[in-house]
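One structure is given below, encoded as structure tokens.
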Amino acid sequence: MERVLTKNFDLPDSHALAVYEKTGGYASLKKALSMTPAQIIDEVKNSGLRGRGGAGFPAGMKWSFVPQNTGKPIYLCVNADEGEPGTFKDRAILEKDPHRMIEGVLISSYAIGAKTAYVYIRGEFDLALRRLESAVREAYAKGYAGKNILGSNFSCDVFVHRGAGAYICGEETALLNSLEGNRGYPRIKPPFPAVEGLFKSPTVVNNVETLAAVPYIIEHGAAGYKKIGTEKSPGTKLFSVSGPVMKPGIYEVEMGYPMRKFLHEDCGWMKPGKILKAVIPGGSSMPVLTAQEVEEVNLDYESIASKGSLLGSGGMIVIDDSVCMVWALENLAHFYSHESCGQCSPCREGTGWSYKILKRLLHNEGKPGDIELLLDIGQKMAGKTICVLADSLSMPIASYIGKFRDEFEAHARRECTRCRHY
Amino acid sequence: MKADKFNDASEKEIQELLSHYPTKQAALLPVLWVAEREFGWISPEVMELVAKRLEISPAHVYGVATFYTMYQKEPPAKYHVQVCQTLPCAMAGCDKVIAQLEDRLGIKAGSITKDKRFKLSTVECLASCGTAPAMRVNDTYYENLTEAEIDRLLSEFNK
């Protein structure tokens with residue numbers, strides 16, 4: 001399989017410029033500068049590259065929304081604020097191949113007309129931050145970033161901007177507000193960032209993995225990229241696998257690959273004594289798949305959507321039969337209620353209330369009607385807020401109760417056989 | 001605690017940071033990191049200093065410093081032990097990690113030891129899900145934790 005993103009991961013000092021250049025790095029930037037920005041946008045559009053942060057929105061189409069004649073500066077923001085539980089693939093790219101992302105950043109900036117790119121990175125990512133800052137310095141020193149890149153008329157600065165502990169800043173408009181020096185509050189859309197983003201100027205926000213795919217697309221063309229994957233989900237995706245499988249970790253997978261085969265062959269199946277119960281395919285916000293559904297689904301946007309879940313970030317959390325789904329949902333409810341920015345009442349109150357109910361259910365102190373109340377709160381907070389954090393808890397609530405209702409009813413009767421210490 | 005000006009190293013860094021943004025306010029999060037490195041924590045005096053330096057209101061700085069969990073709003077311990085408690089780490093047994101640390105340190109999560117050597121916190125997803133359970137101590141990750149490894153680390157930190 002073609003390693004679009006992880007080609008250099010196993011090389012010693014893979015994060016160093018010398019290694020990246022030795023393996024052909026920055027040749028795509030050179031090629032891109034001989035194309036026009038419009039040609040690059042077309043190439044990326046035709047490649048079918050979809051945003052890898054979670055939404056899967058076509059990258060080239062997002063770029064084409066940027067108005068070129070406003071007189072305002074245009075910005076590129078890299079969303080390196082990876083915080084979706086179960087997801088650690090951007091961290092891997094930043095630690096092992098930051099130059100691939102930087103090259104993608106520079107090509108993309110050239111394409112959209114940006115002269116400044118900010119990389120908003122998780123405050124906790126100590127090693128990734130050091131390697132990224134070092135890689136940026138190396139890029140400037142070699143003339144890949146800064147003024148008159150590779151002797152062209154294109155100049156672009158790349159600035160690293162460190163976050164400070166807020167999941168919500170992974171939401172693109174909260175990221176922009178945070179970058180402007182505010183609390184991480186999402187903004188209402190429209191206006192969309194492409195039209196009015198950072199400092200009221202046209203801004204494209206792209207995920208780390210999305211940008212890391214751009215050099216390959218420039219090198220091999222849209223046609224080369226489309227050879228991989230499926231028609232509606234071209235290319236490859238990085239999956240972050242966690243849970244009691246033999247080989248958890250980062251995997252680059254061709255879109256369309258069967259999940260059953262992936263778990264059995266690539267991940268080595270379950271650890272001894274562990275029985276597969278469920279898989280969250282794309283980060284904790286996504287509906288869960290039962291073991292049966294895992295058998296029937298392929299790793300691409302469409303196939304997972306057909307089972308009522310989402311590919312999302314590709315944060316694949318494998319759940320075994322010893323795990324109580326009430327316990328799991330309570331853990332997530334704590335997460336989302338803690339991370340809610342608090343702007344919107346349905347989210348702020350709904351996530352907090354959901355956590356309170358799940359906590360008492362889990363501790364065998366549930367009240368009659370708690371399960372229906374949870375479902376009702378989930379429904380009432382979804383779709384009524386500035387961003388989708390509330391929906392990110394609503395989906396698990398509906399999905400876990402929908403597919404594992406017996407476990408919730410067992411807790412309501414104070415009879416869970418999995419929870420020994422409540 | 002006095003925080004009436006930044007030292008030369010901090011001031012140099014702040015000037016570099018200010019050149020990255022079209023507004024002074026946009027440098028706020030990075031400048032708070034500079035301030036925490038120099039003063040150890042973001043005290044009310046530090047908030048006032050940052051506000052003055054960036055020509056924004058202390059109330060705004062307070063609002064930002066308190067929104068983001070990583071900025072320390074109390075005098076720091078020597079070692080800040082941050083244990084991830086989100087789902088994949090929970091499935092991998094972070095409750096045992098927390099229980100072990102509470103036992104060895106003699107404090108509950110969310111507290112600081114009397115000698116100010118250790119602060120124990122629970123944090124949300126550190127993106128170490130495939131190498132769970134995991135914790136971060138100051139600015140280093142420790143992953144694939146075992147009981148023996150945690151005890152070994154604590155004896156290192158207690159030297």
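Read the figures in this text as sums done on the coordinates, not as results from a lab. No experiment lies behind these values; they were computed from the predicted model shown. Ideal geometry is used to build each Cβ from the backbone, glycine not excepted, and the neighbour counts take in all protein chains shown.
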Q: Scan segment B:51-70 and give yes if some residue there is buried (at least 19 other Cβ atoms within 10 Å of the Cβ), away from chain A (no Cβ under 14 Å) and more than 30 Å from A:CYS419 (Cα to Cα), otherwise no.
A: no
Q: Answer yes or no: is there a residue in segment B:136-144 that is more than 13 Å from chain A (Cβ to nearest Cβ) and farther than 24 Å from A:ASN331 by Cα.
A: no
(Q) Return the residues of segment A:354-400 that are of a type in the set (Phe, Trp, Tyr) and closer than 16 Å to A:GLY283 by Cβ; say none if nothing qualifies. (A) A:TYR400
Q: For A:THR87, indicate whether it is surrounded by fewer than 16 Cβ atoms within 10 Å (Cβ to Cβ) and β-branched (Val, Ile, Thr).
A: no
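For every residue, the table says whether it meets (1) away from every other protein chain (no Cβ under 14 Å); (2) in contact (Cβ under 8 Å) with a residue 24 or more places away in the chain; (3) under 26 Å from A:GLY123 (Cβ atoms).
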| residue | (1), (2), (3) |
| --- | --- |
| A:LYS22 | yes, no, no |
| A:ALA27 | yes, yes, no |
| A:ILE41 | yes, yes, no |
| A:ALA55 | yes, no, yes |
| A:PRO58 | yes, no, no |
Q. Are any of the residues in segment A:338-349 more than 14 Å from chain B (Cβ to nearest Cβ) and among the hydroxyl-bearing types (Ser, Thr, Tyr)?
A. yes
Q. Is at least one residue of segment A:63-73 within 14 Å of chain B (Cβ to nearest Cβ), crowded, with 24+ Cβ neighbours inside 10 Å and more than 18 Å from the chain's Cα centre (by Cα)?
A. no
Q) Which of the residues that make up segment B:46-68 are touching a helix residue (DSSP H, G or I) at 6+ places or on another chain (Cβ under 8 Å) and either in contact (Cβ under 8 Å) with a residue 60 or more places away in the chain or of a type in the set (Asp, Glu) (or both)? A) B:GLU48
Q: Give me a count of the residues in segment B:74-105 that are away from every other protein chain (no Cβ under 14 Å), touching a residue at least 40 places away in the same chain (Cβ under 8 Å) and within 29 Å of A:ILE319 (Cβ to Cβ).
A: 3
Q | segment B:18-42 - residue that is in contact with a Lys or Arg (Cβ under 8 Å, 6 or more places away or on another chain) and not aliphatic (A, V, I, L, M) and, of those, farthest from the other protein chains (Cβ to nearest Cβ) | A | B:TRP41
**Q.** Criterion (within 12 Å of another protein chain (Cβ to nearest Cβ), buried (at least 18 other Cβ atoms within 10 Å of the Cβ), in contact with a strand residue (DSSP E or B) (Cβ under 8 Å, 6 or more places away or on another chain) and part of a strand (DSSP E or B)) met by exactly one of A:VAL323, A:VAL241, A:VAL253
**A.** A:VAL241
Q. Of the residues in segment A:74-93, how many are more than 22 Å from A:PRO191 (Cα to Cα) and either more than 11 Å from the chain's Cα centre (by Cα) or among the aromatic types (Phe, Trp, Tyr) (or both)?
A. 3
Q: Would you please name the residue that is nearest to A:ILE121 (Cα to Cα), looking only at residues in segment A:148-175 that are surrounded by fewer than 18 Cβ atoms within 10 Å (Cβ to Cβ), away from chain B (no Cβ under 14 Å) and out of contact with any Leu (no Cβ under 8 Å at 6 or more places or on another chain)?
A: A:SER155
Q: Return yes when B:ALA9 is touching a strand residue (DSSP E or B) at 6+ places or on another chain (Cβ under 9 Å), part of a helix (DSSP H, G or I) and of a type outside the set (Phe, Trp, Tyr) and no when it is not.
A: no
